[in-house]
Amino acid sequence: MATIVNKPLLDLVFKCATTGARPSSPMHDERPLSDIIGQPFTPFDHQTAVVRPFADESARDAAFAQELSAMLLDVMLETHAWAAARPKHESQTAVQKYEKKISEVMEVEKEQEQTRERLNNFVCSMKNALAALTGLGL
């Protein structure tokens, strides 16, 4: 099992051992050096420092990926629906446009027929009038 070394404490111990000096901190002034050396190190809490933040970040990434996938699916479905409906809408619009043009042509033909009939009636009236005036008779 690997032992985690508390570097500042180790430096303090080395300094005290080589110079015979006592540490200047009040906390260490009251305790003998053997107590300081014999004090167990606090264990490294890997769960709090590494594992839990990593797990939280992984869960957050997974939730984001799932949400992003759902949004992309919605966009794809809406785009597909739009693309599928577009030809139908365009054909309906074209049908309406062509029906309007056909109606306009039919209206023009009707007006031309009425004009032709009036012109024909006028020509017949003029022939009859000329015949009556010249005495040729019909």
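The values are calculated or read from the model by the stated rules, or taken from the named source; none is laboratory data. Nothing here was measured: the structure is a model prediction, and the numbers come from that model. Cβ sites come from the backbone with ideal geometry, for glycine too, and all protein chains shown count toward neighbours. Quick note on the areas: whole protein, heavy atoms, side chains included, nothing else; ligands and nucleic acids left out. Shrake-Rupley method; radii C 1.70, N 1.55, O 1.52, S 1.80 Å.
Observations, loosely collected:
- Some residue of the range 90-108 being open to solvent by 90 Å² or more (accessible area, probe 1.4 Å) and not in a helix (DSSP H, G or I): no
- Subset of the range 27-78 [touching a residue at least 24 places away in the same chain (Cβ under 8 Å) and in a helix (DSSP H, G or I)]: Ile36, Ile37
- Thr115 being surrounded by fewer than 10 Cβ atoms within 10 Å (Cβ to Cβ) and of a type outside the set (Gly, Ala, Ser): no
- Residue in the range 37-55 that is open to solvent by less than 100 Å² (accessible area, probe 1.4 Å), under 28 Å from the mean Cα position of the chain (by Cα) and of a type outside the set (Phe, Trp, Tyr) present: yes
- Meets criteria (assigned to a helix (DSSP H, G or I) and either surrounded by fewer than 10 Cβ atoms within 10 Å (Cβ to Cβ) or modelled with pLDDT under 85 (or both)) for Met1: no
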